[in-house]
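Asker: Attaching a single structure in structure tokens format; questions to follow.
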Amino acid sequence: MTQKTLPFTKSQIEKIIKEYPTPFHIYDEKGIRENAKKLYKAFSWIEGFKNYFAVKANPNPYLIKIAKEEGMGVDCSSLTELILAEKLGFRDEEIMFSSNETHFREFQKAKQLGAIINLDDISLLSYLEKHAGLPEILCFRYNPGPLREGNRFIGNPKEAKFGMTKKQLFDGCKTARDKGVKRFGLHTMVVSNELDVNAHVETAAMLFDLVVELSKKLGIKFEFVNLGGGIGIPYKPEQKSVDYIFLSKEIKKLYGKKIVENKLNPLRILMENGRLIIGPYGYLVTTVLHKKEIYKNYVGVDACMANLMRPGMYGAYHHETILGKENKPKNYTYDVVGSLCENNDKFAIDRKLPKVEIGDILVIHDTGAHGYSMGFQYNGKLRSAELLLKSDGSIKKIRRAETIDDYFATLDFKGL
Ligand SMILES: *Cc1c(COP(=O)(O)O)cnc(C)c1O
């Protein structure tokens, strides 16, 4: 059991709340940077290693800028995300465009930016050619189907809508080669939030084998493999982070055996983790508004599922800390709930906590990824502010809270 710690104190948060009322997400810059450096250091043996931060995990420009400063590119999957990347100064191969069911306007923007386009399906080859023209470099997304198990979050690859079959991969690379594509990449993403390091090693092995086979059969040169995102984070206190050094060493062994021995190096290794980069360094801070005792005991907070959908959507565990009660015995059991008129608006079910009082500040851990970014306005709920706890200890507001005016901005009452 590792103790889940916080990068701030109760009195710091009380001071912040005076200026920025709860709920809000707060991110720990120091933690983000230290983790990024650790990841890059572990993979420094590979020339041109890069993690493309998956923007969908957290599209806040300040956080993406931190990732950029730590050497990352961006992994986008929509027009809006591409424009966000453009505004932040990402260009060309600093952008990976891993989309699916893509509209041609999105391909056109990706092409205009010089992004690496990662094709999700064979049919998109002619679609891309027709609407944007084929680029010099192209990446193909593989779905191994029954050959891999996947995991709970992304499901069995055979049931997953992403990527193409091996046969299609061959045909796609061949057609692209014949049409003048010069540079190739290979991508897959078969697991999500996976803490088992072996699953990620297996993905690398699978892609290396494919590179060997495709290079030989088609006479094309692969420049990179993109192992996808999906490295998990320890949401639960009893879980452990993936060991980057072990992962890197295992991949290095396979690289030697499969890539170097077949004289297919240099082959860059890319990743597109999002959760791993920001997830553990975000916290949703909320205040206890009510307590309710009926058939179960409820703690009602001022945040709701609109601020963090993962528990309601996936039944995901997020650790909770009552500020100032970190060391009190957890001998009460509560459902911690938000105010949506939906019974899955629960941040925790049957959670053991110290005795909660109205006015307590409750911190929900690991909300950096798929927290704010999955927000919505259902039930007239508004998205919260986002704050950055900077490395120097100061606080910066990196997104204001939505207002009632924002809610009404897309409506026009004049036509009524
Ligand atoms: C969601 C996604 C990622 C990032 O996944 P994480 O779990 O945040 O690492 C990477 N690539 C693709 C194609 C995705 O859809």
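Bear in mind these aren't lab numbers, they're just calculated from the coordinates by the rules spelled out. A quick note: this is a predicted structure, and the numbers were derived from the prediction, not measured. Methodologically, a virtual Cβ is constructed for each residue, glycine included, from the backbone with ideal geometry; neighbour enumeration extends over all protein chains shown.
Asker: So if each residue of separation counts as 0.36 nm, and I subtract the Cα-Cα distance between residue 249 and residue 413, what length gain in nm does that give?
Answerer: 52.9 nm
Asker: Taking R0 as 51 Å, what's the FRET efficiency between residue 3 and residue 262 from their Cβ-Cβ distance, rounded to 0.05?
Answerer: 0.65
Asker: May I pose another question? Size of the dipole of the range 280-408 about the Cα centre, Lys and Arg at +1 and Asp and Glu at -1 on the beta carbon, nothing else charged, in debye to 20?
Answerer: 260
Asker: Under a crude label model (7 Å from the Cα following the beta-carbon direction), how far is residue 91 from residue 213 in nanometres?
Answerer: 3.9
Asker: Please arrange 249, 18 by counting, for each residue, the other beta carbons lying within 10 Å of its beta carbon, fewest first.
Answerer: By the 10 Å Cβ count, ascending: 18, 249.
Asker: If you place +1 on the Cβ of every Lys and Arg and -1 on the Cβ of every Asp and Glu, how big does the dipole about the Cα centre of the chain come out, in debye to the nearest 20?
Answerer: Once rounded to the nearest 20, the dipole reads 680 debye.
Asker: Between residue 103 and residue 127, what length in nm is gained on full extension when 0.36 nm per residue of separation is reduced by their alpha carbon distance?
Answerer: Going from the current span to full extension adds 7.7 nm.
Asker: If we count other beta carbons within 10 Å of each Cβ, what is the order of 374, 313, fewest first?
Answerer: Ranked by crowding around the Cβ, least crowded first: 313, 374.
Asker: Take 26, 358 and order them by how many other Cβ atoms sit within 10 Å, fewest up front.
Answerer: Ordered by Cβ neighbours within 10 Å, fewest first: 358, 26.
Asker: Follow-up question, since we're still on this one. I need the shape label for the range 369-408. Rule: rounded when a/c is under 1.5, else prolate if a/b > b/c, else oblate, with a, b, c from the alpha carbon gyration tensor.
Answerer: Taking the square roots of the gyration eigenvalues as a ≥ b ≥ c, the range 369-408 is oblate.
Asker: Once you treat every alpha carbon in the range 265-416 as an equal point and sum by Debye, what is log10 I(q)/I(0) at q = 0.17 Å⁻¹?
Answerer: -1.04
Asker: Considering only 116, 145, 74, whose Cα is most displaced toward the positive end of the charge dipole of the range 31-181, charges sitting on Cβ of Lys, Arg (+1) and Asp, Glu (-1)?
Answerer: 145
Asker: For the range 43-273, rounded, prolate or oblate, judged on the Cα gyration tensor with a ≥ b ≥ c (square roots of eigenvalues), a/c < 1.5 rounded, else prolate if a/b > b/c?
Answerer: Taking the square roots of the gyration eigenvalues as a ≥ b ≥ c, the range 43-273 is rounded.
Asker: Mean residue ellipticity at 222 nm from the helices of the chain, using -39,500 (n - 2.57) per DSSP H segment of n ≥ 4 over the full residue count, to the nearest 500 deg cm²/dmol?
Answerer: Value at 222 nm, helices only, nearest 500: -8500 deg cm²/dmol.
Asker: Here is a further query. Given points 7 Å out from each Cα along the Cα-Cβ axis, report the residue 10 to residue 160 separation in nanometres with one decimal.
Answerer: Calculated label separation equals 4.4 nm.
Asker: Right, another one. Would you mind checking 15/291; 30/355; 56/355; 18/390; 217/257 for any pair whose Cα atoms are more than 28 angstrom apart?
Answerer: 30/355; 56/355
Asker: Next up: Contour minus end-to-end for residue 313 and residue 296, with contour as 0.36 nm per residue of separation and end-to-end as the Cα-Cα distance?
Answerer: Length difference between fully extended and current span is 4.0 nm.
Asker: Let me ask something else about it. Using a cut-off of 14 Å between alpha-carbon atoms, which aspartates and glutamates can reach residue 328, once sequence neighbours fewer than 8 places away in the same chain are excluded?
Answerer: Correct list for residue 328: 320, 357, 360.
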